[in-house]
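The values are calculated or read from the model by the stated rules, or taken from the named source; none is laboratory data. Given the structure is predicted, the values throughout are model-derived calculations rather than measurements. Neighbour counts run over all protein chains shown; Cβ positions are idealised from the backbone, glycine included.
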């Protein structure tokens, strides 16, 4: 007997959870480096937002990068204001689990961060990563400004070419201008620093992304 499972889909407007007007908690300090999650950030730093499946493991990949000043996890790309983790897991907020990366562009470039993003998950899986199934696990880049948006699109086109050579299908990553980012509860911030043996699901393809290596989409 074949068992059919309902495929995830974005919630209809009538199904979106109402959320709340106030944040669910006040973001504190980064568990690893002590920097404030919500700022104020030092001058000259930039912000990048990436979604690549479960944010517990995704966040660690970024806080280890030299030049990254602070990271935080939260929810972006949906309709429910100030959602809780449990609400996002219902699939009725429309958000995806997102990592906010505050970085010094003089030390690490946005293109280098994009390379980590693409190489650390499988961007062809739609509403899932590995065994994690749901719209909250979809791949996304939320760009802060036109330069980031253009860089994200160019990197996607580069990586699509490399993935196709390796037999992968179309990239399903959402690329859009940044929208409100809602910080997750403190227990989810820097989760793998607090729980070194905690769950870390990522399904990297093993395909290298040539962005930042002198390759352009026209090559």
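Checking each residue in segment 135-150 for being crowded, with 17+ Cβ neighbours inside 10 Å and either part of a helix (DSSP H, G or I) or over 12 Å from the mean Cα position of the chain (by Cα) (or both) picks out 135, 136, 137, 148, 149.
Which one of 82, 33 is in a loop (DSSP other than H, G, I, E, B) and either modelled with pLDDT under 95 or crowded, with 17+ Cβ neighbours inside 10 Å (or both)? Give the derivation first.
Numbers: 33 fails: either modelled with pLDDT under 95 or crowded, with 17+ Cβ neighbours inside 10 Å (or both).
One residue alone meets the criteria, 82.
For segment 114-126, taking the residues that are surrounded by fewer than 24 Cβ atoms within 10 Å (Cβ to Cβ) and touching a strand residue (DSSP E or B) at 6+ places or on another chain (Cβ under 9 Å), the one that is nearest to residue 45 (Cα to Cα) is identified as 116. What do you reckon, is residue 66 surrounded by fewer than 22 Cβ atoms within 10 Å (Cβ to Cβ) and touching a strand residue (DSSP E or B) at 6+ places or on another chain (Cβ under 7 Å)? Against the criterion (surrounded by fewer than 22 Cβ atoms within 10 Å (Cβ to Cβ) and touching a strand residue (DSSP E or B) at 6+ places or on another chain (Cβ under 7 Å)), residue 66 does not qualify. Looking at segment 151-161, is at least one residue outside any loop (DSSP other than H, G, I, E, B), touching a helix residue (DSSP H, G or I) at 6+ places or on another chain (Cβ under 9 Å), free of Cβ contacts under 8 Å to residues at least 40 places away in the same chain and more than 30 Å from residue 21 (Cβ to Cβ)? Scanning segment 151-161, I find at least one residue that is outside any loop (DSSP other than H, G, I, E, B), touching a helix residue (DSSP H, G or I) at 6+ places or on another chain (Cβ under 9 Å), free of Cβ contacts under 8 Å to residues at least 40 places away in the same chain and more than 30 Å from residue 21 (Cβ to Cβ), so the answer is yes.
Evaluate the following for residue 72: is it assigned to a strand (DSSP E or B), under 11 Å from the mean Cα position of the chain (by Cα), in contact (Cβ under 8 Å) with a residue 40 or more places away in the chain and more than 27 Å from residue 15 (Cβ to Cβ)? So residue 72 fits the description; yes.
Conditions (1) outside any helix (DSSP H, G or I); (2) modelled with pLDDT of 95 or more; (3) over 19 Å from residue 206 (Cβ atoms); (4) more than 15 Å from the chain's Cα centre (by Cα), marked per residue:
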position	(1), (2), (3), (4)
91	yes, yes, yes, yes
100	yes, yes, yes, no
105	yes, yes, yes, yes
108	yes, yes, yes, yes
113	no, yes, yes, no
118	no, yes, no, no
122	yes, yes, no, no
125	yes, yes, no, no
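Residues that are surrounded by fewer than 24 Cβ atoms within 10 Å (Cβ to Cβ), in contact with a helix residue (DSSP H, G or I) (Cβ under 8 Å, 6 or more places away or on another chain) and part of a strand (DSSP E or B) within segment 49-63 are absent altogether. Scanning segment 162-192 for residues that are in a strand (DSSP E or B), in contact (Cβ under 8 Å) with a residue 40 or more places away in the chain and crowded, with 16+ Cβ neighbours inside 10 Å turns up 182, 183.
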